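The next block holds one structure in the form of structure tokens; read it before the comments.
The values are calculated or read from the model by the stated rules, or taken from the named source; none is laboratory data. The structure presented is a predicted model; accordingly, all values stated were derived computationally and were not measured. Reconstructed Cβ throughout: ideal geometry from the backbone, glycine too, with neighbour counts over all protein chains shown.
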Amino acid sequence: MNAYLFPIKIALITFPIVAFFLTLPFLIVQYRKYGYVNKVRSFVLYSMLLYFISAYYLVILPLPANRDNCVPGGSGVFSQWVPFTFIRDIMKETNVVWSQPSTYVTILGERAFWQAAFNVVLTLPLGVYLRYYFRKSFLSTTIIAFVVSLFFETTQRTGLYGIYACPYRLFDVDDLLLNTVGGMLGFLLAPLITYFLPRSSQLDADVDLTRRPVGFIRRAIALWLDYLCIGFIYWIIAIFMVAANGNDVDHFLNYLESNGWVLAITIFVYFMLMPLWTEGKTFGKWVTRIHLIDDRLAADPERTNKLSFKGLLIRYGLLYFGIGGINYVFFYVMNSGSILELGRFAWIVIILWLVFNAFVGLHVLLHIFRRDKRLFYEKMSGTRNAITIPDRMLPYAGTADPKETREEAEENPPVRRTMDFQDGSQLIIRADAVAERQEELPASVEIQESQDAAPGGPEAVAEQEETAPEDEAKQWSREEQVEKELARLRAKLDQDRSGK
């Protein structure tokens with residue numbers, strides 16, 4: 001059993017390190033693919049990462065002490081090609097007396113039995129992941145489990161692909177069979193194991209990205225990428241200046257850092273002008289799928305540009321020329337040694353600077369745990385970050401273009417139905433208002449279509465009658481559902497009126 005516990009312990013130690021380095025790429029992929037990070041999806045994917053690390057370590061560990069691990073005079077047999085040899089090994093080692101059921105439990109102490117069981121369990125989680133998260137079929141799961149098992153066996157047969165002089169484990173065809181069976185068994189058990197998890201196809205069903213706030217981790221990643229981009233711009237400027245003047249790059253980088261006006265112009269162009277032509281995106285915001293909008297302009301559906309220069313000027317003016325400017329001046333004074341000339345007032349300046357940044361940090365900290373993530377400069381400018389919804393998430397967004405919606409409504413006007421009641425009254429109902437009802441309805445009653453109520457009058461109805469038969473067949477199920485719903489409404493209204 002220790003042979004199995006040791007690789008798992010190493011996997012538990014390695015997993016946090018690997019997960020840490022994969023967190024940033026993972027977040028960016030989730031932002032770009034889904035527009036947000038789903039907790040259940042994250043749990044499934046990180047658990048899958050832990051599983052693959054554990055499975056790989058179980059296959060390769062423990063490693064030989066030396067790379068030159070060939071045994072002089074050894075048999076040189078590194079493969080076992082006879083299927084079902086594991087059954088013969090179990091029968092050879094077991095103390096089970098098949099005529100005495102009380103001895104069956106002793107098989108649990110047999111090495112050969114546990115080795116076979118381990119090979120099945122090794123790929124059982126793989127079958128669960130393939131069915132639950134990747135929604136693979138039974139045949140696809142079987143093939144993938146076989147390929148993964150073949151990868152494991154090849155890794156062993158080649159001595160970690162040539163790192164070791166000789167294979168230190170056997171290539172066993174029984175392992176291929178048992179690993180494949182494990183994947184198939186995992187596929188069959190997946191509904192039971194994932195019973196308390198939501199269906200993978202419905203993970204995003206209740207998510208409204210139009211109302212979801214942009215978190216500070218996402219904003220920090222975007223800001224970090226923007227700073228990398230600005231640093232790259234600095235290098236480009238320095239290279240051009242070197243080409244023009246013949247000095248070294250470090251000289252001009254120091255010149256750029258010591259002249260705040262260059263940084264101010266870069267910030268002005270990058271953060272205040274560029275978003276006006278990029279729909280509120282900088283490079284960092286584009287990577288993390290967020291953009292800036294002005295709440296006062298976003299309320300107008302006819303306006304395509306949701307930003308104003310005034311909003312950007314106030315937003316980034318307060319952030320970079322306000323907070324950033326105060327810190328820039330302080331560090332400039334500290335580096336130049338001018339603060340020493342203040343004498344006893346130097347400590348007062350330092351304390352005021354620390355208090356100022358403490359208030360800024362406290363302001364950010366308080367908003368981390370609030371639903372409203374907007375900071376003071378966002379509220380004062382009326383701007384905020386919004387999620388750029390990926391195409392795959394549009395069905396859950398409810399963000400249809402109003403102009404396209406109106407055009408579609410004009411091209412496909414809603415069908416109207418009328419119901420005549422015993423007292424001579426008439427009720428006109430739009431078909432699309434009740435098309436989604438799925439309840440069991442009472443027996444249908446006669447429902448007449450009102451030509452006068454239809455858009456375009458009798459002429460429109462005449463045109464509809466000339467449509468192709470296949471189009472009518474496509475609409476038949478929807479029309480039948482509407483008529484059943486109207487029949488239910490008519491029966492209920494007649495019942496209410498007779499009760500009065």
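Do you know which residues across the stretch 17-42 are over 26 Å from Lys281 (Cα atoms) and within 12 Å of the chain's Cα centre (by Cα)? Once the filter is applied, which keeps residues that are over 26 Å from Lys281 (Cα atoms) and within 12 Å of the chain's Cα centre (by Cα), the stretch 17-42 yields Lys39, Val40, Arg41, Ser42.
Regarding Thr154, is this residue in the same structural domain as Val59 (by TED's automatic domain parsing), more than 30 Å from Arg371 (Cα to Cα) and surrounded by 15 or more Cβ atoms within 10 Å (Cβ to Cβ)? Against the criterion (in the same structural domain as Val59 (by TED's automatic domain parsing), more than 30 Å from Arg371 (Cα to Cα) and surrounded by 15 or more Cβ atoms within 10 Å (Cβ to Cβ)), Thr154 does not qualify. For Thr278, work out the one condition from (1) under 22 Å from Met380 (Cβ atoms); (2) modelled with pLDDT of 90 or more it doesn't fulfil. If we test Thr278 against (1) under 22 Å from Met380 (Cβ atoms); (2) modelled with pLDDT of 90 or more, just (1) comes out false.
Arg219 meets all of the listed conditions (1) among the charged types (D, E, K, R); (2) in contact with a strand residue (DSSP E or B) (Cβ under 9 Å, 6 or more places away or on another chain); (3) surrounded by fewer than 19 Cβ atoms within 10 Å (Cβ to Cβ); (4) under 26 Å from Ser47 (Cβ atoms) but one, namely (4).
Total residues in the stretch 78-130 satisfying the condition of being within 43 Å of the chain's Cα centre (by Cα) and at pLDDT below 85: the figure is 1.
Within this structure, Val97 fails the test of being surrounded by fewer than 16 Cβ atoms within 10 Å (Cβ to Cβ), of a type in the set (A, V, I, L, M), under 27 Å from Phe134 (Cα atoms) and out of contact with any strand residue (DSSP E or B) (no Cβ under 7 Å at 6 or more places or on another chain).
Checked against (1) over 24 Å from Thr141 (Cβ atoms); (2) surrounded by fewer than 17 Cβ atoms within 10 Å (Cβ to Cβ), Gln202 passes all but a single condition, namely (1). Out of all the residues in the stretch 315-328, is one or more of a type in the set (D, E, K, R), outside any loop (DSSP other than H, G, I, E, B), surrounded by 19 or more Cβ atoms within 10 Å (Cβ to Cβ) and touching a residue at least 24 places away in the same chain (Cβ under 8 Å)? Yes, that holds for at least one residue.
Scanning the stretch 201-217 for residues that are under 19 Å from Asp391 (Cβ atoms), in contact (Cβ under 8 Å) with a residue 12 or more places away in the chain and not in a loop (DSSP other than H, G, I, E, B) yields a single hit, Ser201. Scanning the stretch 120-135 for residues that are surrounded by 20 or more Cβ atoms within 10 Å (Cβ to Cβ) and of a type outside the set (Phe, Trp, Tyr) yields Leu122, Thr123, Leu124, Pro125, Leu126, Gly127, Val128, Leu130, Arg131. Applying the criterion of at least 2 residues that are touching a residue at least 40 places away in the same chain (Cβ under 8 Å) and closer than 30 Å to Val40 by Cα to the helices (runs of 4 or more DSSP H) found wholly in the stretch 64-181 leaves 111-132, 138-157. In this structure, Val262 does not satisfy being within 22 Å of Phe356 (Cα to Cα), assigned by TED's automatic domain parsing to the domain that holds Ile348 and either in contact with a helix residue (DSSP H, G or I) (Cβ under 7 Å, 6 or more places away or on another chain) or modelled with pLDDT of 95 or more (or both). Considered as a group, the residues in the stretch 269-307 that are over 19 Å from Thr388 (Cβ atoms) and touching a Gly at 6+ places or on another chain (Cβ under 9 Å) include one that is surrounded by the most Cβ atoms within 10 Å (Cβ to Cβ), and that residue is Met272.
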